[in-house]
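Chemist: I'd like to ask some things about the structure below.
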Amino acid sequence: MSVSVRIALQKSGRLSEDSYQLFKECGIRFDYGTGKLKSISSNFPAEFLFLRDDDIPGYVEDGVADLGIVGENVAIESGRSVQTIHRLGFSKCRLSIAIPRGNDWSGLSSLNGKNIATSYPNLLGKYLGEQGVTAHIHEISGSVEIAPGIGLAEAICDIVSSGSTLMSNGLQEVETIFRSEAVLIAPPSLIDEKQALVDKLLFRIKAVQVAKNNKYIVLNAPNHALEKITSLLPGMRSPTITPLATKGWSSVYSVLNENEFWENIEAIRAAGAEGILVIPIEKMIY
Ligand code: ATP
Ligand code: ZN
């Protein structure tokens, strides 16, 4: 039987949609949803397992899966021997300490001897240790934000993205201890045939990610302005320039990082560019 990679994804949660979308954009087709636990890709040697995110690092460490997507917070908290092989840029969040709004806060030392409720005892313990703070960590598996209100703890340490959950529970964020995003994890080593498939997949993922950060730019410019404009649009190698039917004018085609584009757009216009089109790129391969 030919080799395939087994990839563990979160069944349903904050990582799921973006994870499924990523493989779709890499041209890898598979079915998901309707309670499916596993699915085989119809056009890539890959099998997908749909699991709870907390179980994924363990499955990857044990070799049940060859790859997994989890929040970096979960990968590290698990303490499993897995390596982060690529950062995926979605499900960004932070792990922060919060206390009841209005309580005094004079830095981390305020937590000495206090009770802190969290679902991340390892990440929190490590951070407090590094900062020289000794507190009691109460591990609870969910609804951490109600702990101060019911007298279980004086502070909490939990995932925050917008801060609205903290706010509605009368809490204020006082210290960020970890910044997380979705990551691709793998066991410390794979057999060569599987590693070759993982490399193929990584190549596609990188092409998709680079494309997202870049735009294809098309504009018209008077010939006397071309030198100035092309210096602002370096492109992959150099821009393509073709003459327009209107004498003395050319079209310029280039690829630019989206941030650079916004930084340079005024100068590009001031130099005489007209009819500027900014077009999304689907894949980009250097
Ligand atoms: P499961 O049922 O699979 O155990 P869960 O409830 O533990 O799911 P989710 O809430 O789906 O997990 O979060 C999964 C991951 O998404 C978290 O570990 C974290 O990395 C990230 N995350 C959590 N909350 C947010 C948020 N508000 N915004 C962005 N990312 C988040
Ligand atoms: Zn979970």
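The values are calculated or read from the model by the stated rules, or taken from the named source; none is laboratory data. The structure displayed is predicted, hence computed values, not measured ones. Glycine also receives a Cβ, built like all others from the backbone with ideal geometry; neighbour counts cover every protein chain displayed. Calculation scope for accessible area: heavy atoms of the full protein, side chains included, ligands and nucleic acids excluded. Shrake-Rupley method; radii C 1.70, N 1.55, O 1.52, S 1.80 Å.
Chemist: At a 10 angstrom cut-off on C-beta neighbours, averaged per residue, how do the peptides 132-140, 149-157 rank from highest to lowest?
Modeler: Ranking the peptides 132-140, 149-157 by packing returns 149-157, 132-140.
Chemist: Hey, another quick one. DSSP beta bridges in the chain, what fraction antiparallel, as a percent rounded to 5?
Modeler: 75
Chemist: What is the distance in Å between the Cα centres of the stretch 119-135 and the stretch 35-64?
Modeler: The two parts, judged by their Cα centres, are 32 Å apart.
Chemist: Got a sec to turn the phi values of the stretch 94-99 into Karplus ³J(HN,Hα) couplings, 6.51 cos²θ - 1.76 cosθ + 1.60 with θ = phi - 60°, whole Hz, x for Gly and Pro?
Modeler: Calculated HN-Hα couplings, in order: 10, 9, 10, 8, 9, 10 Hz.
Chemist: Could you work out [θ]222 nm for the chain from helices alone, using -39500 (n - 2.57) per DSSP H run of at least four and dividing by all its residues? Round to the nearest 500 deg cm²/dmol.
Modeler: Calculated from helices alone, the mean residue ellipticity at 222 nm is -8500 deg cm²/dmol.
Chemist: If I histogram all Cα-Cα distances within the stretch 102-261 using bins 10 Å wide from 0, what percent of pairs lands in each bin?
Modeler: Binned Cα distances yield the sequence 8, 23, 14, 15, 18, 13, 7, 1.
Chemist: With labels modelled as points extended 7 Å from the Cα through the Cβ direction, what inter-label distance (nm, one decimal) is found for Ser109 paired with Lys92?
Modeler: 3.4
Chemist: Also, I was wondering about something else. Stretched out fully, how many nm does the piece from Ser238 to Gln131 gain, at 0.36 nm a residue minus the Cα gap?
Modeler: 33.6 nm
Chemist: Given points 7 Å out from each Cα along the Cα-Cβ axis, report the Ala267 to Glu173 separation in nanometres with one decimal.
Modeler: 3.4
Chemist: Just list whichever of Lys92/Lys206; Lys36/Lys92; Lys36/Lys206 have alpha carbons separated by over 21 Å in the model shown.
Modeler: Table pairs above 21 Å Cα-Cα are Lys36/Lys92; Lys36/Lys206.
Chemist: Right, something else. What whole-number value in Å² describes the accessible area per residue of the chain for a 1.4 Å probe?
Modeler: Roughly 53 Å² per residue, with all protein chains present.
Chemist: Suppose each label sits 7 Å from its Cα in the direction of the beta carbon; what would the Thr165-Asn122 distance come out to in nanometres?
Modeler: Label at Thr165, label at Asn122, 2.0 nm between them.
Chemist: Quick check: at a probe of 1.4 Å, how many percent of the accessible area of the stretch 93-179 sits on carbon and sulfur atoms?
Modeler: 46
Chemist: Roughly how far apart, in whole Å, are the Cα centres of the stretch 1-23 and the stretch 185-214?
Modeler: Comparing the Cα centres of the stretch 1-23 and the stretch 185-214, I get a distance of 13 Å.
Chemist: Further, regarding this structure: Taking every eigenvalue of the Cα gyration tensor of the chain, multiplying by 5 and rooting it, what semi-axes result, largest first, whole Å?
Modeler: Three semi-axes, in Å: 44, 29, 15.
Chemist: Also, I was wondering about something else. Rounded to the nearest 0.05, what FRET efficiency do Asp54 and Ile285 have when you use their Cβ-Cβ distance and R0 = 45 Å?
Modeler: Step by step, r from the Cβ atoms, then E = 0.80.
Chemist: Continuing with this model, one more query. How much net charge surrounds Val70 when only other residues with a Cβ under 9 Å from its Cβ are counted (Lys, Arg +1; Asp, Glu -1)?
Modeler: -3
Chemist: Determine, from the Cβ-Cβ distance of Tyr32 and Lys200 and an R0 of 22 Å, the FRET efficiency 1/(1 + (r/R0)^6), rounded to the nearest 0.05.
Modeler: Efficiency, rounded to the nearest 0.05: 0.55.
Chemist: Continuing with the same structure: Principal axis extents for the stretch 168-244, Cα atoms only, whole Å, descending order, please.
Modeler: 57, 52, 18
Chemist: State the extension gain, in nm to one decimal, for the chain segment bounded by Thr84 and Glu258, taking 0.36 nm per residue of separation less the distance between their alpha-carbons.
Modeler: Length difference between fully extended and current span is 59.9 nm.
Chemist: Sort the following peptides by mean Cβ neighbour count (other Cβ atoms within 10 Å, averaged over residues), highest first: 16-23, 160-167.
Modeler: So the order, starting with the most tightly packed, is 16-23, 160-167.
Chemist: Using a Förster distance of 35 Å, how high is the FRET efficiency between Val278 and Val3, based on the Cβ-Cβ distance and rounded to 0.05?
Modeler: FRET efficiency, Val278 to Val3: 0.25.
Chemist: State the antiparallel share, in %, of DSSP beta bridges confined to the stretch 93-179, rounding to the nearest 5.
Modeler: Of all bridge pairs located within the stretch 93-179, approximately 65 percent are antiparallel.
Chemist: To the nearest 10 square angstrom, what accessible area does Glu47 show with a 1.4 Å probe?
Modeler: The value for Glu47 is about 30 Å².
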